[in-house]
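Worksheet: the structure to be examined is printed underneath.
Please treat every number below as a calculation from the coordinates, not as lab data. Model, not experiment: these values are computed from the prediction. Methodologically, a virtual Cβ is constructed for each residue, glycine included, from the backbone with ideal geometry; neighbour enumeration extends over all protein chains shown.
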Amino acid sequence: MIEERAVVVEVGEDGHAWLEIQRRSACGSCSASEGCGTSALAKVWDGRRSRVRVICRWPLRVGDEVLVGLADGALLRGALLAYLLPLALLLAGALLGETVFVGAGEEPVVFLGAVGFVLGLVSVRLISRRWRQDARYQPVVLRPLNVVAVADRMLSAS
């Protein structure tokens, strides 16, 4: 499970909450971070905040700090979908163009490769819309980090 700290910015009535997560990079702990291009890019993006909708089963309030988690398999499947599917369809389209239009030059190969890539992007969009409603691919509030305040709220609600 991938875990990260976040702050509640909005609480929904439907068992969901909106959290703000500060992006961080692991480059600060690397000894080669001074001469690394990835580290330079990480410094540009570091410190920015992302707003994320999560499944929440705790009585939270705006401003509460929580620990949010995402299943490892969800991240891996999402990465494979986003990167591998368009690339695979690009290559399949290019191979189809090369096989079907032998001797016609590079134009059909490039065109069918581009068509395959666009079909891959459209497929990613359609599949990700379906996954958006699947609880297995949603981040979840694991626990509030200010447990005393939440425990008081749970006791007072009883």
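Pulled fully out, how much extra length does the chain show between Arg125 and Asn146, if you take 0.36 nm times their separation in residues and subtract their Cα-Cα distance?
Details: separation 21, 0.36 × 21 = 7.56 nm, distance 3.73 nm.
Stretched fully, the Arg125-Asn146 segment lengthens by 3.8 nm.
Got a sec? How would Asp64, Asp14 order by Cβ neighbour count within 10 Å, fewest to most? Spell out each step's value before the answer.
Working: Asp64 22, Asp14 7.
Least crowded to most crowded, the residues run Asp14, Asp64.
Once you put a point 7 Å from the Cα of Arg57 and another 7 Å from the Cα of Val110, both along the Cβ direction, what distance in nm separates them?
Here the modelled spin labels are 5.5 nm apart.
Please arrange Ser50, Ser123 by counting, for each residue, the other beta carbons lying within 10 Å of its beta carbon, fewest first. Write out the running numbers ahead of the final one.
Numbers: Ser50 11, Ser123 14.
Listed from fewest to most nearby Cβ atoms, that is Ser50, Ser123.
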